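Accompanying notes for the structure given below.
The values are calculated or read from the model by the stated rules, or taken from the named source; none is laboratory data. Because the structure is a prediction, the values reported are computed rather than measured. All Cβ positions, even for glycine, are placed from backbone atoms using ideal geometry, and neighbour counts span all protein chains on display. Remember, those area values only see protein heavy atoms, side chains included, never the ligands or the DNA or RNA. Shrake-Rupley method; radii C 1.70, N 1.55, O 1.52, S 1.80 Å.
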Amino acid sequence: MSDIKYILGSFGDPDEMMHGIEKLQENNISIFDVYTPMPIHGIEAKLGIKRSRIDIAAFCFGITGTCCAFALIYFCAVIDWRVNIGGKPSFALPDFIPIMFELTVLFCAFGMVLTYYASTHLFPGRAPRVMDLRATDDRFVIAIDAKDNAAHTVIDGLLKDAGALEVKYNERKYISYE
């Protein structure tokens with residue numbers, strides 16, 4: 001048993017794909033996602049995708065790294081192992097700026113890798129979802145959720161009128177282990 005999960009419109013030109021997005025939106029057809037082999041300027045605004053907040057996460061990871069470095073240095077230099085060298089202060093901040101910078105960069109780098117994996121659901125060992133193999137090569141693919149949009153023939157016609165080279169129906173396969 002199989003049922004249609006996504007309707008895929010495959011385009012050869014980014015302008016035709018943008019025209020296809022406009023036609024679908026004019027007919028109130030919701031678009032699940034768009035797959036392109038290269039970045040296309042303005043597609044986020046057309047699809048209504050909000051600005052990424054990943055820069056806020058990077059700032060938080062950096063501040064966490066700076067605070068951890070400051071706490072570690074203060075604990076080591078002032079509380080745990082105070083060393084009196086020529087009457088100099090135990091905690092001279094300019095001496096520890098390189099260490100705080102390095103931990104800031106380290107926390108930010110590791111945190112951003114983990115944030116990227118969490119936001120894209122591409123954890124190591126997970127097979128990526130591929131709608132159409134040519135979407136990463138030379139095709140521009142519009143994926144439409146078939147469950148949300150019942151008029152499949154209308155969608156098929158709109159995609160072909162917009163210049164789609166082919167329209168495919170991506171089916172969900174149910175595997176039985178009998």
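Name the residue that is nearest to THR36 (Cα to Cα), counting only residues in segment 136-145 that are at pLDDT 85 or above and β-branched (Val, Ile, Thr).
Residue satisfying both the conditions and the ranking: VAL141.
Quick test for you: out of THR136, THR115, pick the one residue that is touching a Pro at 6+ places or on another chain (Cβ under 8 Å) and touching a residue at least 60 places away in the same chain (Cβ under 8 Å). Full working, then the answer.
Numbers: THR115 fails: touching a Pro at 6+ places or on another chain (Cβ under 8 Å).
Exactly one of THR136, THR115 is touching a Pro at 6+ places or on another chain (Cβ under 8 Å) and touching a residue at least 60 places away in the same chain (Cβ under 8 Å), namely THR136.
Being within 30 Å of ILE73 (Cα to Cα), of a type in the set (Val, Ile, Thr) and touching a helix residue (DSSP H, G or I) at 6+ places or on another chain (Cβ under 7 Å), is that true of even one residue in segment 120-143? It would help to see each step written out before you state the result.
Residues of segment 120-143 that are within 30 Å of ILE73 (Cα to Cα), as a first pass: none.
No, that holds for no residue.
For segment 146-168, which positions are touching a Phe, Trp or Tyr at 6+ places or on another chain (Cβ under 8 Å) and either of a type in the set (Lys, Arg) or modelled with pLDDT of 85 or more (or both)?
Hits for segment 146-168 are ALA162, GLY163, ALA164, LEU165.
Taking into account only those residues within segment 102-138 that are of a type in the set (S, T, N, Q) and more than 13 Å from ALA69 (Cα to Cα), which is least open to solvent (accessible area, probe 1.4 Å)? I'd like the intermediate steps shown before the answer.
Looking only at segment 102-138, we keep the residues that are of a type in the set (S, T, N, Q), and these are 104, 115, 119-120, 136.
Keeping just the survivors that are more than 13 Å from ALA69 (Cα to Cα) gives 115, 119-120, 136.
Working: THR115: 34, SER119: 76, THR120: 52, THR136: 115 Å².
Among those that are of a type in the set (S, T, N, Q) and more than 13 Å from ALA69 (Cα to Cα), it is THR115.
So which helices (runs of 4 or more DSSP H) are wholly in segment 1-101 and hold at least 3 residues that are open to solvent by less than 50 Å² (accessible area, probe 1.4 Å), closer than 24 Å to LYS168 by Cα and of a type outside the set (Asp, Glu)?
Details: elements: 14-26, 43-47, 54-74.
Result: 14-26.
Please give the number of the condition TYR169 fails out of (1) hydroxyl-bearing (Ser, Thr, Tyr); (2) surrounded by 13 or more Cβ atoms within 10 Å (Cβ to Cβ); (3) not in a strand (DSSP E or B).
(3)
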